[in-house]
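The values are calculated or read from the model by the stated rules, or taken from the named source; none is laboratory data. Computed from a predicted model, the values in this text were never measured in an experiment. Backbone-built Cβ (ideal geometry, glycine too); neighbour counts: all protein chains shown.
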Amino acid sequence: MADHAAWLEQVKTCIAGLSQRSASLSKQEMEDQAEELIALINGMGIRAVLEPKAWPARRQIASLNRYLTRAGLNQKLAAPFLRRN
């Protein structure tokens, strides 16, 4: 539980730095967005372990890019982190 709370804080910090509209997000909206991103990453990790051929790194990155676009996060700032394999 403490590990998740620490990760949640890190993700919220990243979102605040990447979001073009983070200043207008309420504390609850920021928390919700961070939890959604963590759930996406957890789910992709599980799928990649269970179905590695169906969920290679490039598919995971594409899925994360789509989420970032829909969430209104700036992909150009996030791109260097997304390219790590």
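Structure values in brief
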quantity	calculated
Answer residue from the range 26-73, given it is more than 14 Å from the chain's Cα centre (by Cα) and outside any helix (DSSP H, G or I) and is surrounded by the most Cβ atoms within 10 Å (Cβ to Cβ) among those	55
From the options 53, 12, residue that is at pLDDT 85 or above, in contact with an Asp or Glu (Cβ under 8 Å, 6 or more places away or on another chain), at negative phi and of a type in the set (Lys, Arg)	12
Inter-residue pairs, beta-carbon under 9 Å, first assigned to a helix (DSSP H, G or I) and in the range 1-19, second of a type in the set (Val, Ile, Thr), 6+ apart	4/38; 7/38; 8/38; 11/38; 11/41
